[in-house]
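Peer 1: What follows is a single structure, and I will ask about it in a moment.
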Amino acid sequence: MLLVSSKDGDSKAFAKLSEYIREISYSYFLSKHRSHKITNIDDVDDLATNVYISFAEQYHKIDIIENWLRRVLFLTFVRWYKQNNQRRTFELNEEITADDSNL
């Protein structure tokens, strides 16, 4: 109902739906933080914001909000997780190389 009203131009419905999207996103990423898959609490807020931005850009195209949100949450987390692990691996390799050069 909120999605349909939002698509029809109801700004109050859009604001309410946006609030729900933000709360659900934050809760999802916070659970990842609690399970130690996200170590930095600031990343939780950043990821939730990214999901909200995706929603704001795409809400006119969304048919089933639950399916869209589930997919975007998962893909956002996976993308972040892969990038974060690549960064850690690079930093670790850089430290190993630096240690070897000091020998």
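The values are calculated or read from the model by the stated rules, or taken from the named source; none is laboratory data. As the structure is a prediction and not an experimental result, all values here were calculated from the model. Please note: Cβ atoms are built from the backbone with ideal geometry, for glycine as well, and neighbour counts cover all protein chains shown. Surface areas here come from the heavy atoms of the whole protein model, side chains and all, with no ligands, DNA or RNA. Shrake-Rupley method; radii C 1.70, N 1.55, O 1.52, S 1.80 Å.
Peer 1: Can you name every residue in the range 35-52 that is closer than 13 Å to residue 20 by Cα and out of contact with any helix residue (DSSP H, G or I) (no Cβ under 7 Å at 6 or more places or on another chain)?
Peer 2: Step one: filter the range 35-52 for residues closer than 13 Å to residue 20 by Cα, giving 48-49, 51-52.
Answer for the range 35-52, where residues must be closer than 13 Å to residue 20 by Cα and out of contact with any helix residue (DSSP H, G or I) (no Cβ under 7 Å at 6 or more places or on another chain): just 49.
Peer 1: Would you check which residues across the range 66-77 are open to solvent by 30 Å² or more (accessible area, probe 1.4 Å) and under 9 Å from the mean Cα position of the chain (by Cα) and list them?
Peer 2: 74, 75
Peer 1: Please work out if residue 52 is within 20 Å of residue 67 (Cα to Cα), open to solvent by 70 Å² or more (accessible area, probe 1.4 Å) and in contact with a Ser or Thr (Cβ under 8 Å, 6 or more places away or on another chain).
Peer 2: Answer is yes for this residue.
Peer 1: Let me ask something else. Specify the residue that is surrounded by the most Cβ atoms within 10 Å (Cβ to Cβ); the eligible residues are those in the range 1-24 that are hydroxyl-bearing (Ser, Thr, Tyr) and more than 28 Å from residue 78 (Cα to Cα).
Peer 2: Restricting to residues being hydroxyl-bearing (Ser, Thr, Tyr) and more than 28 Å from residue 78 (Cα to Cα), the top hit is 6.
Peer 1: Taking the options 46, 42, 63, name whichever one is loosely packed, with under 11 Cβ neighbours inside 10 Å and part of a helix (DSSP H, G or I).
Peer 2: None of the others qualify; the one that does is 42.
Peer 1: The conditions are (1) modelled with pLDDT of 85 or more; (2) in a helix (DSSP H, G or I), and residue 95 fails exactly one of them. Which is it?
Peer 2: The single condition residue 95 does not satisfy is (1).
Peer 1: If you don't mind, there's one more thing I want to ask. Which residues, counting only those in the range 25-39, are buried (at least 17 other Cβ atoms within 10 Å of the Cβ) and under 16 Å from residue 71 (Cα atoms)?
Peer 2: The answer is 25, 26, 28, 29, 32.
Peer 1: Do we have residue 16 as among the basic types (Lys, Arg) and under 13 Å from the mean Cα position of the chain (by Cα) here?
Peer 2: It is false that residue 16 is among the basic types (Lys, Arg) and under 13 Å from the mean Cα position of the chain (by Cα).
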